[in-house]
Protein chains: 2
Amino acid sequence: MNKLHHHRAQFPALANKVYFNYGGQGPMAQGAMDAITVAMKYIQDIGPFGNEAYRWISPQMQASREAIASLLNVPSDTITLTGNVTVGCNIAMWGIEWQAGDHLLLSDCEHPGVIATAQEIARRFGIEVTTCPIMATLNGGDPVSIIADHLLPQTRLVVLSHVLWNTGQVLPIDKIVAVCRSNNSRLLIDAAQSVGVLPLDLTALGVDFYAFTGHKWLCGPAGVGGLYVHPEARESLHPTYIGLNGVTTNTQAQPTGWQADGRRYEVSTLSTPLYISLTQAIAIHEQWGTAEERYQQILYNSEYLWQQLNSLPHVKCLKNSPPESGLVSFQVTDQPSFKLVQSLEAQNILTRTIANPNCIRVSVHYLTLASEIDQLIAAISN
Amino acid sequence: MNKLHHHRAQFPALANKVYFNYGGQGPMAQGAMDAITVAMKYIQDIGPFGNEAYRWISPQMQASREAIASLLNVPSDTITLTGNVTVGCNIAMWGIEWQAGDHLLLSDCEHPGVIATAQEIARRFGIEVTTCPIMATLNGGDPVSIIADHLLPQTRLVVLSHVLWNTGQVLPIDKIVAVCRSNNSRLLIDAAQSVGVLPLDLTALGVDFYAFTGHKWLCGPAGVGGLYVHPEARESLHPTYIGLNGVTTNTQAQPTGWQADGRRYEVSTLSTPLYISLTQAIAIHEQWGTAEERYQQILYNSEYLWQQLNSLPHVKCLKNSPPESGLVSFQVTDQPSFKLVQSLEAQNILTRTIANPNCIRVSVHYLTLASEIDQLIAAISN
């Protein structure tokens, strides 16, 4: 049994199916699940509520912030723990002190939750939201110049995905940071499909806000995620949903200000066992290889899948060149996408449809086997 | 072994300590913890992401909404699932379309997270926040007339706790609803200390917003809670943090509107296993007795504790008459409160201090034994 087979054996979900939905939700290692069971039991043993429990829980939450921070190459005090990527996006989007007439720029490949948030902010504060056409740059054209062309003097915030969830395109965030900075616009990145895929150095990247989830490519439990806020952006990003976790209090339990670090955007009671599980999930990936090694394996797998798909009749990959992420999207010309996805699921091969552009999205992780890709290709050919 | 001893044996946290922090966090039944482990495993078995997983997860979340709704005697479509009580308060507080000059009224016994939220809303929207003195009505005086006296023509929202977290006083919400309604003011109740304690009928009560948590008196896991929104208040309460769970989308994955029910205030991925655990926790309480029976047992226990405390020198209960909830707060005159709490914790008796008024808070549930109260009293006397 080679190293990858040995490593994969930790993930029960991978044992009874051919799994290509990492971009929807990642499978959990048994060790990451056991961490929840063990932590729950231990918290009951020492508490659940009291000084001893607090003394144990508090460093566990800090360890989770540190594991995340290490992955992003940022100080741990820049990390806010959230329930999912969308909450992180909302913290950044609502936290800007919007004035009527301000402008918010989205791409045309953002997630419906982010679009709906932008629309509601527009309604509440009288700001303008526009959308720039990035989808069409998948096989040519320059997303950076398109974004630059859509910036206005009053653009306060630009919201983009690092890896587009529909086409898998990777945006050149470093260049986009420069363009936004020169326009005095903040940049929020929806990192749902990049954290756990791309090797990241947010300190070098210089992005203002980076929202991510633990339950997709990191293979942590559903219900955990986070937000990175650049230290220089913190003072101007106001907390919106607020609770005891984010404030300082005086001896009369009256709020006196915000926590100095990323906790200021946290609200109240979180599930400690879930965050311990995320810490464990990150550690399990590190056991297999570095972030760079995992990314190279993802690229190896996604290129192999892309090549095999290209060899099939009635299949058209959206991308004309090898993928840059773990997402490989394609269209079939001989049947509706949802029919093929259903038929694959009936064969225990899990993929998903995407509405816009209408396609099937296959996610490959470093955990994916060539033999799984072969099974998918064989199933599509039939 | 009597019925209560038998029932208590399901709660591992109660086996190795004398527990009086139900108002901080409730102990979990082994069955409620096992539900998490089993659900995690099953989700890996069928998914974690795909049509089959979705078909299983979606009714589980609905079952949790229904278990909560049944407890509150409301239709399940009025329930929004949240991570904790503070998030529920924030949804209601931010969701009002505030205009400069509007007024928000708090009591002087609200939780610091709620106070800080009110202050930030005041800063953002130019509204006025005032506080009415309810704490002083613990042993006399009429909280209803005090609230009525503090309502202004422009009072849009009143935020009060049903059971005051510091003194344990139960506010007469039915009368307060009438006063607020006649002033056209919405009423948000912080139900952190009432759900799982008081028998509730929110339909009869007519309150606008009722925010609660699953991890205190309901003995569910940390990280689950909810918000009730009166059907007639829904259309005027706007979603703030927004995600895919709360919106409807068209065939192009563009948002087209809000979910018709309480899901409109939900954001995105929640932990299904935690909500299944909450459903189980609620069912376990029902096995012991009805909400009314549990409340009567809580009153029996809190009165016994209150009487015993009154018999001690150097101890002064804040309340002059028997408690109406599970919270019993008292002051000690021979040492600082925190010293006594520490000394009790060293003897495996868990209580907590409260900052304002400076006191020690003991929570008794229907699960509490008379012998535990006797142990506490003996430890304080020493």
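What the table below lists for this structure:
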quantity	calculated
Scan of the range A:312-322 for residues that are farther than 17 Å from A:CYS109 by Cα and in contact (Cβ under 8 Å) with a residue 40 or more places away in the chain, ordered by number	A:LEU312, A:VAL315, A:ASN320, A:SER321
Count - residues of the range A:243-285 that are assigned to a loop (DSSP other than H, G, I, E, B), β-branched (Val, Ile, Thr) and surrounded by 22 or more Cβ atoms within 10 Å (Cβ to Cβ)	2
Failed item in (1) of a type outside the set (Asp, Glu); (2) under 29 Å from B:ALA29 (Cβ atoms); (3) away from chain A (no Cβ under 14 Å), with B:ARG361 passing the rest	(3)
Residues of the range A:48-105 satisfying the condition of being of a type in the set (Asp, Glu), within 14 Å of chain B (Cβ to nearest Cβ) and in a helix (DSSP H, G or I)	A:GLU52
Restricting the range B:49-64 to residues that are among the hydroxyl-bearing types (Ser, Thr, Tyr) and without any contact (Cβ under 8 Å) to a residue 60 or more places away in the chain, the residue that is least open to solvent (accessible area, probe 1.4 Å)	B:SER58
Subset of the range A:22-32 [open to solvent by 10 Å² or more (accessible area, probe 1.4 Å), touching a Pro at 6+ places or on another chain (Cβ under 9 Å) and assigned to a helix (DSSP H, G or I)]	A:GLN30
Qualifying residue in the range B:241-256 (condition: within 13 Å of chain A (Cβ to nearest Cβ) and either in contact (Cβ under 8 Å) with a residue 40 or more places away in the chain or of a type in the set (Lys, Arg) (or both))	yes
Residues located in the range A:267-289, provided they are under 21 Å from A:ALA211 (Cβ atoms) and within 18 Å of the chain's Cα centre (by Cα)	A:LEU274, A:TYR275, A:SER277, A:LEU278, A:THR279, A:ALA281, A:ILE282, A:HIS285
Residue among B:ASP34, B:ASP45 that is more than 8 Å from chain A (Cβ to nearest Cβ) and out of contact with any Asp or Glu (no Cβ under 7 Å at 6 or more places or on another chain)	B:ASP34
Test for B:ARG8: is it more than 10 Å from every other protein chain (Cβ to nearest Cβ), closer than 30 Å to B:THR353 by Cβ, crowded, with 16+ Cβ neighbours inside 10 Å and of a type in the set (D, E, K, R)	yes
Scope the range A:72-85; condition within 21 Å of B:THR240 (Cβ to Cβ) and open to solvent by 10 Å² or more (accessible area, probe 1.4 Å); matching residues	A:GLY83, A:VAL85
The one condition in (1) open to solvent by less than 50 Å² (accessible area, probe 1.4 Å); (2) more than 19 Å from B:ILE349 (Cβ to Cβ); (3) touching a Lys or Arg at 6+ places or on another chain (Cβ under 9 Å) that B:ALA39 fails to fulfil	(3)
Some residue of the range A:227-236 being touching a Gly at 6+ places or on another chain (Cβ under 8 Å), among the hydrophobic types (A, V, I, L, M, F, W, C) and open to solvent by less than 20 Å² (accessible area, probe 1.4 Å)	yes
Of all residues in the range B:179-215 being within 12 Å of the chain's Cα centre (by Cα) and of a type in the set (Ser, Thr, Tyr), the one that is surrounded by the fewest Cβ atoms within 10 Å (Cβ to Cβ)	B:SER194
Conditions (1) closer than 25 Å to A:MET135 by Cβ; (2) of a type in the set (A, V, I, L, M); (3) touching a residue at least 40 places away in the same chain (Cβ under 8 Å); (4) away from chain B (no Cβ under 14 Å); number of the one not met by A:ILE282	(1)
Whichever residue in the range A:171-215 is among the hydroxyl-bearing types (Ser, Thr, Tyr) and away from chain B (no Cβ under 14 Å) and, among such residues, is nearest to A:GLN25 (Cα to Cα)	A:SER194
Residue in the range A:216-225 that is under 22 Å from B:THR117 (Cβ atoms), at the interface with chain B (Cβ under 7 Å from one of its Cβ atoms) and surrounded by 24 or more Cβ atoms within 10 Å (Cβ to Cβ) present	no
Of the criteria (1) touching a residue at least 12 places away in the same chain (Cβ under 8 Å); (2) within 10 Å of chain A (Cβ to nearest Cβ); (3) surrounded by fewer than 24 Cβ atoms within 10 Å (Cβ to Cβ), which one B:TYR19 fails	(3)
For B:VAL158: the one exception among (1) more than 14 Å from chain A (Cβ to nearest Cβ); (2) over 24 Å from B:ILE354 (Cα atoms)	(2)
Where A:SER325 falls short, out of the listed (1) among the hydroxyl-bearing types (Ser, Thr, Tyr); (2) in contact with a Ser or Thr (Cβ under 8 Å, 6 or more places away or on another chain); (3) farther than 30 Å from B:SER277 by Cβ; (4) without any contact (Cβ under 8 Å) to a residue 60 or more places away in the chain	(4)
The range A:92-112 residues that are open to solvent by less than 10 Å² (accessible area, probe 1.4 Å), paired with ones that are of a type in the set (Gly, Ala, Ser) (beta carbon under 6 Å, 6 or more apart)	A:LEU104/A:ALA118; A:LEU106/A:ALA118; A:PRO112/B:ALA253
Hey, A:VAL114 touching an Asp or Glu at 6+ places or on another chain (Cβ under 9 Å) and in a helix (DSSP H, G or I) or not	yes
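The values are calculated or read from the model by the stated rules, or taken from the named source; none is laboratory data. All figures in this text were calculated on a predicted structure; none of them were measured in a lab. Methodologically, a virtual Cβ is constructed for each residue, glycine included, from the backbone with ideal geometry; neighbour enumeration extends over all protein chains shown. Surface accessibility is based on the protein's heavy atoms, side chains included, excluding ligands, DNA and RNA. Shrake-Rupley method; radii C 1.70, N 1.55, O 1.52, S 1.80 Å.
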